[in-house]
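Single-structure report; data block below.
The values are calculated or read from the model by the stated rules, or taken from the named source; none is laboratory data. These numbers come from a predicted model, not from an experiment. Heads up, the Cβs are rebuilt from the backbone with ideal geometry, glycines too, and the neighbour counts pull from every protein chain shown.
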Amino acid sequence: MTLAELIIISTEIHTQLYDHWAIFISIHMALLGGLFAFDFDVKTSFKLSLLLFYIVFTGINLSISMNLLNQINAIVNDIQALGSQPAGHLETYLLYRPNYAKPGLITVHIITGLLVLVGIFIPSTNRHDVDTE
């Protein structure tokens with residue numbers, strides 16, 4: 001493959017990675033907003049089902065994101081094997097090592113997982129009892 005083809009593929013993979021981040025962040029904003037804004041009185045079985053669904057969703061998202069980072073790393077290796085180095089901004093964009101992003105990716109997934117766990121199992125302290133007379 002030529003340098004131009006590798007750059008195009010890398011850009012497409014970066015776009016996919018950013019799309020997955022956008023989905024991950026959007027779902028967490030909605031989920032955490034709902035969990036912390038409202039005090040739902042639901043059964044433990046529902047909470048466990050929600051947690052199981054969340055673990056599956058997060059696992060799939062993490063797996064896809066790690067795979068995309070591995071693909072970017074492979075493209076970086078291919079670009080370096082060509083012996084041609086892109087100049088300026090493209091060098092920064094393409095040749096940063098995704099291995100540095102993997103610990104951050106895992107850390108963010110763990111932190112958001114803990115927030116969801118807290119949101120599901122610890123009730124809100126802002127409970128307002130409404131008289132239904």
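Within the stretch 33-68, being under 15 Å from the mean Cα position of the chain (by Cα) and more than 16 Å from Leu115 (Cβ to Cβ) holds for Val56, Gly59, Ile60, Ser63, Ile64, Ser65, Met66, Asn67, Leu68.
Checking each residue of the stretch 37-54 against the condition of being part of a helix (DSSP H, G or I) and modelled with pLDDT under 80 gives at least one match. Looking across the stretch 3-36, just one residue is in contact (Cβ under 8 Å) with a residue 40 or more places away in the chain and among the hydroxyl-bearing types (Ser, Thr, Tyr), and that is Ser10.
Taking the stretch 83-109 as the range and being surrounded by 12 or more Cβ atoms within 10 Å (Cβ to Cβ) and modelled with pLDDT of 80 or more as the test, the residues that pass are Lys102, Leu105, Ile106, Val108, His109. Using the structure shown, decide if Ser49 is surrounded by 12 or more Cβ atoms within 10 Å (Cβ to Cβ) and not acidic (Asp, Glu). For Ser49, the condition - surrounded by 12 or more Cβ atoms within 10 Å (Cβ to Cβ) and not acidic (Asp, Glu) - is met.
Of the candidates Ala22, Ala74, Ala30, the single residue that is surrounded by fewer than 11 Cβ atoms within 10 Å (Cβ to Cβ), more than 10 Å from the chain's Cα centre (by Cα) and under 24 Å from His109 (Cβ atoms) is Ala30. Summed over the stretch 38-56, residues that are in contact (Cβ under 8 Å) with a residue 24 or more places away in the chain and of a type in the set (A, V, I, L, M, F, W, C) total 4. Looking across the stretch 1-24 at every residue that is among the small types (Gly, Ala, Ser) and over 18 Å from Asn70 (Cα atoms), the one that is modelled with the lowest pLDDT is identified as Ala4. Quickly run through the stretch 33-46 and pick out the residues that are of a type in the set (Asp, Glu) and surrounded by 11 or more Cβ atoms within 10 Å (Cβ to Cβ). Residue satisfying the conditions is Asp39 alone.
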